[in-house]
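Laboratory data are not the source of any read-out in this text; all were calculated from the coordinates shown. Since the structure is predicted, the reported quantities are computational estimates derived from the model, not experimental observations. Positions of Cβ are generated from backbone atoms using ideal geometry, with glycine treated the same way; all protein chains shown enter the neighbour counts.
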Amino acid sequence: MDRHLFKNIRELNGLSQYEMAAKIEVSRSLVAKVETGDRGLTLDIVKKVKQEFGVKHIEQVRDVMGH
């Protein structure tokens, strides 16, 4: 998962950065930093995103993005 996929998952689910942060139990500033590339995605964050949104949904978002 890269930062673009991370951001697209949030946006396609209609979530603000605050809402995304709450869902994956991190700070809003961390979400913003990941999206801008100032911070990388850790395995813990990827795991939380997969648990929250499901692998199938993430694959669908990836398909929409054309990756």
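Near E52, once Lys and Arg are set to +1 and Asp and Glu to -1 for all other residues with Cβ below 10 Å from its Cβ, the sum equals +3. When you count the other C-beta atoms within 10 angstrom of each residue and take the mean per peptide, 15-21, 53-59 line up highest first as 15-21, 53-59. Here the contact order of the chain, divided by its residue count and restricted to Cα pairs under 8 Å and six or more residues apart, works out to 38 percent. Charge tally around L41: other residues with Cβ under 13 Å, Lys/Arg +1 each, Asp/Glu -1 each, net +4.
Rounded to the nearest 500, the helix-only mean residue ellipticity at 222 nm of the chain stands at -21500 deg cm²/dmol, with each DSSP H run of n ≥ 4 adding -39,500 (n - 2.57).
Rounded to the nearest 20 Debye, what is the dipole magnitude of the chain about its Cα centre when Lys and Arg each give +1 and Asp and Glu each give -1 at the C-beta? In debye, rounded to 20, the chain gives about 100.
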